[in-house]
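Any read-out appearing in this document is the output of simple, stated calculations on the displayed coordinates, not a laboratory observation. Because the structure is predicted, anything quoted here is derived from the model rather than measured. All Cβ positions, glycine included, derive from the backbone under ideal geometry; neighbour counts span all protein chains shown.
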C-alpha cells in the first residue's frame, strides 16, 4: 500500500509543480538535455524526487523557501545522504536559481555527469532493431 500512496503523491506533485519545476521540466523532457531521459516526481525508496535520470543515476531537487529552515535543511541532508547511499548523484537548486539562471543550472547538471570511466548514454534515437525489445539498451517509457 505504501508504494500506491507514493505513486498517488507523485501524481499530485506533478499536477502542482512550482514555476521553477515547470521551467526546468521544459528543458529536461523529451531528452532535450544531451539526449538524457528524465522523469519527474518519481518514487525512489521512501521518497518522491523532483527529477531523475535513471540511466545516469542522477536526481535533481528544486527547493523553495520552506527548505531554508534549519530543521528542513537537516531533513534534506539526511534525504540526500540516503539517496546517495543508493548510488545516486543528488543536485539541489533553489527555485530562484532555476528561474534566474537556467543555463547555469543546465551546465552544472551536465558537468555532474562528466564522470571519468562512465559509459555514455545509449544513442538517441535507438537503432531501429533495438526499439521496444526490452532488456538492456531498450528505451524506457
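Structure summary
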| item | result |
| --- | --- |
| Full-stretch length increase - residue 84, residue 30 - with 0.36 nm per residue and alpha-carbon distance subtracted | 16.9 nm |
| Sorted by Cβ density within 10 Å, fewest first, the residues 59, 99 | 99, 59 |
